[in-house]
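Visitor: Below you will find the structure I want to go over with you.
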Amino acid sequence: MSQATLSITPIDDLIDVPRQIRVAHLTPGEVVEISTRTIRDAVAWTSQAQFRADENGIVDLTRDAPVAGSGSYDEVSPMGLIWSQAPESASRNVFNTPVTEPLVTQVSVRGTDVSIEGELVQRLAADGVTRREVREEGLVGVLYLPPGPGPHPAVMILNGSGGGFNEPRAALYASRGYAALSLAYFKAPGLSDYISNTPLEYFKTGLDWIRRELKPAHDFVAISGQSRGGELVLLLGAAFPEAVSAVVAYVPGAVVHSGQNACDPKIGREGPTWLLGGKPVPHVWEGNRTATWAPFDEGPAPHRHEKAILTALQDPEAVARARIPVERIQGPVMLLSGTEDGSWPSTLYSRMVRDSLREANHPYPVQWLDYEGGGHTILFPYVPTTQLVYAHPVSGRISTSGGSPSPNARADAESWPGVLAFLRDAVATRASGAAGKASVKAAPAIENAGAVAAAIDAAAIAAKK
């Protein structure tokens with residue numbers, strides 16, 4: 001038997017830490033197959049590829065691509081065997097329940113006379129991170145806190161049209177030093193099963209609760225959301241500017257949308273999503289002369305929701321009425337998008353937001369990470385990206401999130417360090433007092449939907465001048 005060795009460095013760490021997978025003491029030119037198997041929420045996910053040893057008998061995944069056409073991925077990618085994993089039975093859940101349970105990957109190396117086993121452990125929660133449920137003041141959330149007494153800067157995390165909690169992101173935020181409240185707003189115990197008619201004041205209650213109960217460092221409370229949550233965090237930053245320290249908007253909308261696939265069937269997908277002061281916030285499908293669901297509804301599955309959204313954006317007056325007045329946000333803004341987003345045109349939407357902030361001479365940093373070939377699902381590093389087709393958690397409609405595994409993996413790997421750097425800078429600026437020295441007058445909180453509409457109309461008129 002060969003004396004070949006397998007090293008994985010580090011073996012056990014947080015999920016966002018890349019690993020070096022290296023096989024040594026092979027015969028120069030020898031081809032070996034490296035495979036992985038991870039149990040993710042009771043389902044096995046696997047990958048494999050063949051590699052050729054160099055003149056020193058070494059295979060190093062940080063520099064070596066698989067033998068062409070031999071496996072689950074093709075390019076040089078240190079964590080390619082993780083992001084290229086596919087489930088052995090139908091599943092899209094890449095995390096364990098509970099998310100604090102580590103993901104353990106078995107790594108196997110096989111060759112003519114080579115048989116080696118190794119293990120790679122990924123964690124969402126660092127040692128000392130704590131979890132507790134929040135059921136106060138009508139809030140339904142899960143709070144993750146970093147180790148140590150704090151105070152810590154805080155972030156409120158909001159899910160998209162699937163509803164429920166985003167505990168994986170909250171756990172990882174906490175592992176990187178943030179008090180992280182994953183706040184559900186529908187499809188969770190005690191809440192509606194649908195997104196329709198969600199009051200924005202609910203989230204203001206959450207922001208106030210964080211400040212009162214957690215007393216975050218430097219009074220810093222960011223909001224982070226994806227998809228409908230990305231739309232929502234921009235809207236909250238505009239509606240309650242003094243309560244929001246920074247906005248992180250993953251694959252966001254630049255306009256307010258109707259209930260869509262997460263709607264209450266009694267209200268319909270063209271009904272309102274958000275309420276303010278008890279009144280619906282104007283949305284892009286409302287009074288729209290060009291919008292049609294036909295491009296999404298017709299044809300075989302998987303359906304591409306983005307096609308219907310693009311028809312709604314052809315009515316400039318409807319877009320102007322529904323545009324989120326992002327220039328009211330009083331803090332830095334980060335946007336993340338993918339050019340092949342199948343759910344809605346997040347690249348176009350991010351550009352709209354960026355341009356609105358530029359035109360308004362927004363005095364805070366604005367960062368935009370746009371991933372060529374990336375889809376709608378931008379998570380964080382080193383999770384599988386192969387499952388692009390899904391049944392919507394509310395409507396059941398079979399759709400595609402877009403993109404393809406390799407560009408999606410790149411978006412995952414690069415976006416998270418970008419977000420951490422963005423937040424680190426925002427916290428440092430807040431701590432230095434520079435945030436309070438911005439050369440703009442503070443915008444008061446918007447009290448009702450009519451004021452939102454007025455702000456949108458005023459912004460549209462100003463943009464035309």
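Visitor: Quick one: angle between helix 405-432 and the longest Cα principal axis of the chain, in degrees between 0 and 90, rounded to 10, please.
Guide: Tilt of helix 405-432: around 60 degrees.
Visitor: Suppose the chain between E213 and I39 were pulled fully straight at 0.36 nm per residue; how much longer would it get relative to their current alpha carbon spacing? Spell out each step's value before the answer.
Guide: Details: separation 174, 0.36 × 174 = 62.64 nm, distance 3.70 nm.
Between E213 and I39, full extension yields an extra 58.9 nm.
Visitor: Another question, if that's okay. Restricting the calculation to Cα positions, tell me the Rg (one decimal) and the Dmax (whole number) of region 116-251 in Å.
Guide: When restricted to the Cα atoms of region 116-251, Rg and Dmax are 15.0, 57 Å.
Visitor: Taking the Cα centre of the chain as the origin, how large is its charge dipole in debye, to the nearest 20, when only Lys and Arg (+1) and Asp and Glu (-1) carry charge on their Cβ atoms?
Guide: So the magnitude is around 1320 debye.
Visitor: Still on this structure, I have one more. Over the Cα atoms of region 151-228, compute the convex hull volume and normalise it per residue, giving Å³.
Guide: Working: hull volume 6.8 nm³, N = 78.
Expressed per residue, the convex hull around the Cα atoms of region 151-228 is 87 Å³.
Visitor: Treating cross-link reach as a plain straight distance, find the aspartates and glutamates whose alpha-carbon is under 16 Å from the alpha-carbon of K279, omitting any fewer than eight places away in the same chain.
Guide: Counting by Cα, and skipping residues close in sequence, K279 has these aspartates and glutamates nearby: E201, E270, E447.
Visitor: For R351 and Q106, what does the FRET efficiency come to when R0 = 51 Å and r is the distance between their Cβ atoms, rounded to the nearest 0.05? Kindly include the intermediate steps, with their values, before the conclusion.
Guide: Working: r = 43 Å, r/R0 = 0.85.
So the FRET efficiency works out to roughly 0.75.
Visitor: Pairs of alpha-carbon atoms within less than 8 angstrom and 6+ residues apart define the contacts here; what relative contact order does the chain have, in percent?
Guide: Here the relative contact order equals 12 percent.
Visitor: Over the chain, with every protein chain in place, what whole percent of the accessible area is carbon and sulfur at 1.4 Å, could you tell me?
Guide: Within the chain, the accessible surface is 51 percent carbon and sulfur.
Visitor: Starting from the Cα-Cα distance between T205 and E270, subtract it from 0.36 nm times their residue separation and give me the gain in nm to one decimal.
Guide: Value of the extension gain: 20.7 nm.
Visitor: Under the 0.36 nm per residue contour assumption, what length would be gained going from the current alpha-carbon distance of A24 and A431 to full extension? If you can, show how the numbers build up before the last one.
Guide: Numbers: separation 407, 0.36 × 407 = 146.52 nm, distance 4.82 nm.
Taking 0.36 nm per residue and subtracting the Cα distance, the gain is 141.7 nm.
Visitor: Under 14 Å from a point placed 7 Å out from the Cα of V67 along the Cα-to-Cβ direction: which residues of region 5-47 have their backbone N that close?
Guide: 27-35
Visitor: If you take the Cα Rg of region 5-123 and divide it by 2.2 N^0.38 Å, with N the number of residues, what do you get?
Guide: That works out to 1.04 for region 5-123.
Visitor: Using only protein heavy atoms and a 1.4 Å probe, report how much of K307 is accessible, in Å² to the nearest 10.
Guide: Only protein atoms counted, so the area is about 100 Å².
Visitor: At 20 °C and 1.002 mPa s, what whole-number value in µm²/s does Stokes-Einstein give for the translational diffusion of the chain, with Rh from the Kirkwood sum over Cα pairs?
Guide: Here the translational diffusion coefficient equals 92 µm²/s.
Visitor: Now for a separate question. I want the local charge near Y173. Using Cβ-Cβ distances under 13 Å, sum +1 for each Lys or Arg and -1 for each Asp or Glu among the other residues.
Guide: Taking every Cβ under 13 Å from that of Y173, the sum is +2.
The values are calculated or read from the model by the stated rules, or taken from the named source; none is laboratory data. The structure displayed is predicted, hence computed values, not measured ones. Glycine gets a Cβ as well: all are built from the backbone with ideal geometry, and neighbour counts include every protein chain shown. For the accessible areas, the whole protein counts, side chains as well, though only heavy atoms, and no ligand, DNA or RNA atoms are used. Shrake-Rupley method; radii C 1.70, N 1.55, O 1.52, S 1.80 Å.
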